[in-house]
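Okay, structure first, notes after.
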Amino acid sequence: MGNSTVLRTVALWLLFLMLTIAAGALAIVLVNAKVYGPQQQVRDYFQALQDGDGPKALGLLRASVP
């Protein structure tokens, strides 16, 4: 194996590693936005109201009943 072949192999591995890290970071950002974002809490709240589950809806709001 020549020196340029080794260099090319290392460069390809580094490119693969960087693309894998970038894809993982993008996946984390998307999951955080869709699953753990405020929109999901609002969807859960409205779903609890539609299901007639008032205590769950109040719990999602962290509300207390006087």
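Figures for the structure shown
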quantity: Ala27/Val65 FRET efficiency (R0 25 Å; Cβ-Cβ; nearest 0.05); calculated: 0.05
quantity: Mean ellipticity per residue at 222 nm, deg cm²/dmol - from DSSP H runs of n ≥ 4 across the chain, formula -39500 (n - 2.57); calculated: -27500 deg cm²/dmol
quantity: Chymotrypsin sites (Phe, Trp or Tyr not before Pro) within segment 1-50: DSSP coil, no more than 14 neighbouring Cβ in 10 Å; calculated: Tyr36
quantity: FRET efficiency for Gln40 and Leu15, using Cβ-Cβ distance with R0 set to 35 Å, rounded to 0.05; calculated: 0.50
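Each reported figure results from applying straightforward, stated rules to the coordinates on display, with no laboratory input. Quick caveat, the model's predicted, so the values are computed rather than measured. So basically every Cβ, Gly included, is an ideal-geometry build from the backbone, and we count neighbours across all protein chains shown.
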